[in-house]
């Protein structure tokens, strides 16, 4: 019963928050002349510079699409491209100061919208919501980061699963090239 009730509340919460944020977010992006993928790219680059391939993977778009996207952001002077010394084929993307201010404005507006919604609650309820959301964020962030294992842990885990341990192959294979 509690899980079913929680699922219903979660569905309504996510849908309501999504509608509220999307409505305000889209309006703001139109005012700033940005598309949603461009805003996503800027948000990711706000955290740290990224190679174009990592940006494409993070947003879920192809290499040609990320090239077009970054061309447009560079034209708007929101990002800059930097060569990677160790790999001439790769390009590192970073926000310009104008890009950083743009992302900060989007985030500030998003926080205003959320604060307006929270202001309709009592101070105690608002505090509880923030505390609960903090817990959910920590769980989501922990799930998003892959567990780092040592070689010994991998071998032990494979033994427990009844599979041969990870390590050197039992026999060598010879590969010939034409």
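A full extension of the chain between residue 11 and residue 118 corresponds to an added length of 36.7 nm, given 0.36 nm per residue minus the alpha carbon distance. Extension gain for the segment residue 109 to residue 35, taken as residue separation times 0.36 nm less the Cα-Cα distance, is 25.0 nm to one decimal. What distance in nm separates the two pseudo spin-label positions at residue 141 and residue 46, each 7 Å out from Cα along the beta-carbon direction? Placing both labels 7 Å along Cα→Cβ, they lie 1.5 nm apart. By the count of other C-beta atoms within 10 Å, a proxy for reagent exposure, 130, 79, 59 are ordered fewest to most as 130, 59, 79.
Every read-out reported here was derived from the displayed coordinates using simple, explicitly stated rules and does not represent laboratory data. Worth saying up front: this structure is predicted, and the values here are computed from it rather than measured. Neighbour counts run over all protein chains shown; Cβ positions are idealised from the backbone, glycine included.
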